[in-house]
Structures are given as C-alpha cells and as structure tokens.
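Any read-out appearing in this document is the output of simple, stated calculations on the displayed coordinates, not a laboratory observation. As the structure is a computational prediction, the values presented were derived from the model and not from experiment. Here Cβ is always computed from backbone atoms with ideal geometry, including for glycine, and neighbour counts include all displayed protein chains.
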Amino acid sequence: MVSESATTMFRSSLRGQSFASGEPGYDAARVVFNRVIDRHPALIARCAGAADVMACVRFASEHGLTVSVRGGGHSIAGKAICDDGLMIDLSAMKGIRVDPAGRTVRAEPGLTIGEFDRETQAFGLATTMGVISTTGIAGLTLGGGMGWLIGEHGLACDNVTAMDVVTADGRLVTASNRDNEDLFWGMRGGGGNFGIVTSFEYRLHEVGPVLGGGVLYPVDKARDVLHFYRDFAATSPNELSTQIGRLTTLDGIPVIGVAGCYCGSLAEGEKALAPLRGFGAPIADLFGPISYVQMQSMFDPWFPPGRQAYWKANFLHGLPDEAIDVFCEFALTVPSPFTTGPWLEHLHGAVSRVGPTDTAFAHRRHPYNFLVLSSWDDPSEAQRNIEWTRACWDAMRPFMVAGAYVNYLEEEADPLARSAYGPNYDRLVALKNKYDPANLFHINHNIGPTRRAPTP
Ligand SMILES: Cc1cc2nc3c(=O)[nH]c(=O)nc-3n(C[C@H](O)[C@H](O)[C@H](O)COP(=O)(O)OP(=O)(O)OC[C@H]3O[C@@H](n4cnc5c(N)ncnc54)[C@H](O)[C@@H]3O)c2cc1C
C-alpha cells in the first residue's frame, strides 16, 4: 500500500501526465493493440522525459510496486501493462533528430515505426524496422526487430549504436560498445529485462524508392507456390527480403501471397524479381517502384487497432515437403478473415552474418520464422480461433528448432522464454543478477535473476 500523500507528491513531481482509475484519460491510456488484454494499473505515468522515468523507477522501488513499461503497446502478450502496479507509459516521448551527414538518428521510445520512417525518409535514409507502421520502435528493437531490410542491413537491434538506459536503481547510464558493453550486448535481443531505454541511437542507410509489393495466387495453389518459393528465397540477393503467407484480401478473397521489398537499384530489382513475377498464373502482381514509407505501411490495413489477437510463432530449421503439406492443409481452414497465416518470414543475408552469441538475439541462422497471426472481432469467437491456431502450430512442431522470437511470444508461452534466448540464456541471467537482482523489470518475457537482491 502506498499512502495517498506519497502518491500525490510523486504525481506532482512529474513533468508528464498521470492517470489513476476513474480519472479522465485513464481508460484510453490502458488500451493496447491486442484487445484481449484488459488490465487495470493502479497508476499510469505518461513520462515526458528521462527525469520522469527515473522518478518512476525510484518510486516503484521504494514502494515495492509492480512495474510495466509501455512503448508502442504492441506486445501481443500485453507486456506493456500490469494489474494494480505502475505502468510507465513512454508513448508521449516522441523526440527524434536525424543527422543526415553522419547517417545516424537519435530517437525516443514512444515513436511508432511510421513516425520514425517519416523523419528518416525525409533525408532518404532508413534502418530496419518491422513491417506494420503502428508498431512501437522500442519493444521491437529490444527484442530484435525483423523487417524488409533484414537481408541487407540486419535486425533493428543490429543497427543500434547506443542507448540511454534507466536501470533498476534509478540511474541513467549509456549502453554502447564503449560504455557498459555488457548491458549493450544484453539489450540487443534481451527485451526490457535490464532497464528502460529513454533514447536509442541507430545507424542509417540510403533506402528508397524500393521495388515492393506482392504477387497473389488462389489459395488452392499454395503447394505449387510454396515449392517454387523455397528455391526462390534460398537464392535471393541480400537486397531482396520476402515473406509468404495466407491472407484474405480486403475484398474477401483468400489468397496465398509472396510479398517482398528490393532495396537496391530498381533495375537490379526487376531482374531479381522476374522469376517470381513470371511464376504460375497469379491473380494479381502488385510489385512496382514505391517509396519506402509506402512499403512500410503496405500491410497496415490487415492490422487495424481494436481487434482481438492470438499469435504463435517459432523458427523452422527448413521447409521440407511435409512442412509444406501442413502449411497447405491449414491455409484452407483459417476460421477468421482477419487472420494472416500460416505465414513465413525468410531470414537471410546480414542477419545471419552476426554470430548467435554476438548480441543477445540468438536465432540468426534459421531460414524461416513460422507465424500464425490469428485475429477476430467478436470475443465469442476466441476459443475457435485459439484452438485452430494451436492445432496449426502443433502440426508444424516437427520442423521447428528449439527457439521462438521473443517479440512474438504469447503469454502462456513463458516457459518457452528460456529457449527464446537460446545459447545466451545463462549470460543473460548473470546480467540480470548484476543490473536487476530484485527483478523490478519482470513484466516481459522474463529472465529471472538467480541472486537475491541485498536488503536495503
Ligand atoms: C501488428 C503487429 C505487427 C508486428 N510486426 C512485427 C515485425 O514486422 N517485425 C518484428 O520484429 N516484430 C513485429 N511485431 C512484434 C513486435 O516487435 C512486438 O510486439 C514489440 O514488443 C512491439 O514493441 P512495442 O514498443 O510496440 O511494445 P510494448 O507492448 O509497448 O512493449 C513490449 C515489451 O517491450 C518492453 N519495452 C517497451 N519499451 C521499452 C523501453 N523503452 N525500455 C525497456 N523496455 C521496453 C515492454 O515492457 C514490454 O515488455 C509486430 C507486432 C504487432 C502487434
């Protein structure tokens, strides 16, 4: 229990707003992407800057409060928000400054991918981010960050050069190759386990216009398309990153689509994409020169706010014929038109040139990430969709490696958290012991400390 006077004093010390239950703005502030999540923090502190974040961490530590940290609020497991405790909401921290000459950017953790891309693309620059523009840059980067530039420029976390981090003792430190290297290593793939990032610095690259879009086929042609795609993806140049999956078009047609982005010269892109665009009898070929910002929002209409969601994902060791059979079987039985999946993200190029233990993100050598992104409107449809998703995931198990992408983990998959960190788990536990022995930051895919915090 925190006294009313202590809470009042804390709230008045903040530069940003704060919301308690029943106050105007509270209910809007506790909404996250996945509407299955309906939690009620005791207090939501919408921080205006690093000083507010430091004050929140100190207040929570002093009073033994549960803490959750919200960046863009897109964690499907709802890790941005807690019941009863203090939700540290970074969504108002949207400062960004691009250095076009140095090709770097300083960005605050409340930015969405769309906001980030808009600023960097004003200078023709970009770095890897996810493929839906409403996702937050912070949680995405801390867990890894896979997107259309993965083959040429690696993960989002591979392009981070420094972070300002508020640690569990309320101090602000820098994590980079020069300062607190151990923390820098752990925060590139270890999620929010070690502290709260108040500012990221990323390396940028010249990007755009790109040759982007997709080719759509009737869903009953999935087997032929997947067999073709397996060879096509394996020989794609680094500039071309692709994904394949089942979705329902916005006018209601179930399709199997190969989406892609070529980020090099448009002429070379035409050559690289020619075999795909020449394959079979597609319903539509939507490839063309587009801006990188357009590319980054291409899938947005399939992920509007306000829906319920249940996701499962895991890396695959390959795509044998039997895995294609499973994919095709489930592509024909998807229960909701809002579901995208079964789906495959292809990993290649720059992401796999970094060693699995060079950063905390370990899963760099698997060719595919398999996803089932189930979504529906009516809560009464939850059970049917969840059961189907689990059945699809279970059927694909024989082709999975031991290890999922931490940013796609569901709540009940927490026992899988250990394998999500792969060979880096023990080193991450040692880091947790050093930076957060009391496990203040545990509303995440948690790396539990093994050393007890000293009593103050
Ligand atoms: C529609 C959609 C599309 C997606 N597409 C992609 C994709 O293309 N590629 C990809 O790699 N992933 C993708 N993801 C997964 C995405 O990476 C995760 O959901 C990620 O957690 C989103 O970050 P966020 O800041 O929005 O999340 P939040 O829910 O705000 O936070 C997620 C986790 O990160 C922690 N966290 C957030 N900010 C900070 C911070 N500043 N300091 C410390 N910890 C922090 C939180 O405490 C929480 O544990 C997608 C998710 C959705 C819902």
> What is the chain's relative contact order, in percent, from Cα pairs under 8 angstrom and six or more apart in sequence?
Replying inline: 16
>> So if I take the centroid of the Cα atoms in region 3-69 and the same for region 316-384, what is the distance between those two points in Å?
In response: 35
> In terms of modelled amide H atoms, which long-range or inter-chain residues lie less than 5 Å from the amide H of LEU111?
Replying inline: ILE137
> Helix 321-331 versus the longest principal axis of the chain: what angle, 0 to 90°, nearest 10, using Cα atoms?
Replying inline: 70
> Under a straight-distance cross-link criterion of Cα-Cα below 18 Å, which lysines are reachable from LYS94, leaving out those fewer than 8 residues away in the same chain?
Replying inline: none
> Could you put MET9, MET87, MET54 in order, starting from the residue whose Cβ has the fewest other Cβ atoms within 10 Å?
Replying inline: MET9, MET54, MET87
> With a sphere of radius 15 Å drawn around the Cβ of ASP321, what net charge do the other residues whose Cβ falls strictly inside it have (Lys, Arg +1; Asp, Glu -1)?
Replying inline: -3
>> Below 16 Å, Cα to Cα, which lysines can LYS312 reach? Residues fewer than 8 away in the same chain don't count.
In response: LYS79
> For the chain, which longest stretch is free of loop sites, where a loop site is one of the trypsin sites (Lys or Arg not before Pro) that DSSP puts outside H, G, I, E and B and that has at most 12 other Cβ atoms within 10 Å?
Replying inline: 179-450
> Using the alpha-carbon atoms, what tilt in degrees (0 to 90, nearest 10) does helix 4-13 show relative to the longest principal axis of the chain?
Replying inline: 60
>> Between helix 425-435 and the chain, what is the angle of the helix's C-alpha long axis to the longest principal axis, kept within 0 to 90° and rounded to the nearest 10?
In response: 30
>> Between VAL401 and THR450, how high is the FRET efficiency from 1/(1 + (r/R0)^6) when r is the Cβ-Cβ distance and R₀ = 35 Å? Nearest 0.05.
In response: 0.85
> Which of the aspartates and glutamates could be linked to LYS434 by a straight reach, that is with a Cα gap under 20 Å, when you skip same-chain ones fewer than 8 residues away?
Replying inline: GLU62, ASP164, ASP169, ASP179, GLU181, ASP182, ASP358, ASP426
> With a sphere of radius 11 Å drawn around the Cβ of THR66, what net charge do the other residues whose Cβ falls strictly inside it have (Lys, Arg +1; Asp, Glu -1)?
Replying inline: -1
> In what sequence do VAL219, VAL173 fall when counting other Cβ within 10 Å, fewest first?
Replying inline: VAL173, VAL219
